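A quick write-up on the structure given underneath.
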Amino acid sequence: ARGTVYRTIQPGQLGQVQVEYQGALRTESAMAQDEKLKLETGKFIKVVDAIAERLIVVPLDISSKEE
């Protein structure tokens, strides 16, 4: 899934992202895959994993043609 950062994800801490799945926009707890990375509100992200109720995300490179 792809989405945006809703609440800034500080390095090594939880934040929140908004992603659309199952036809609905959802706000979920998330951490950056790279624990040294800070993801600001509004940045595009891609979900790469889910552990329990937490999503693991990476920044989305919108210039790539990745599907």
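The values are calculated or read from the model by the stated rules, or taken from the named source; none is laboratory data. On a predicted model such as this, the values are computed, not experimentally measured, just so you know. Positions of Cβ are generated from backbone atoms using ideal geometry, with glycine treated the same way; all protein chains shown enter the neighbour counts. Note: areas computed on protein heavy atoms with side chains; ligands, DNA, RNA excluded. Shrake-Rupley method; radii C 1.70, N 1.55, O 1.52, S 1.80 Å.
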I'm trying to understand the selection: among the residues of the stretch 19-44, which are in a strand (DSSP E or B) and surrounded by 12 or more Cβ atoms within 10 Å (Cβ to Cβ)?
Val19, Tyr21, Arg26, Thr27, Glu28, Ser29, Ala30, Met31, Ala32, Leu39, Phe44
Count, please, the residues in the stretch 18-67 that happen to be of a type in the set (S, T, N, Q) and at pLDDT below 95.
3
Within the stretch 15-42, residues among the basic types (Lys, Arg) and within 10 Å of Gly3 (Cβ to Cβ) come out as Arg26
Taking the stretch 2-18 and keeping only residues that are open to solvent by less than 60 Å² (accessible area, probe 1.4 Å) and hydroxyl-bearing (Ser, Thr, Tyr), one is left with Thr4, Thr8
Pair list, Cβ < 6 Å and 6+ apart or interchain, from the stretch 45-59 residues that are open to solvent by 30 Å² or more (accessible area, probe 1.4 Å) to residues that are among the hydroxyl-bearing types (Ser, Thr, Tyr)
Arg54/Ser29
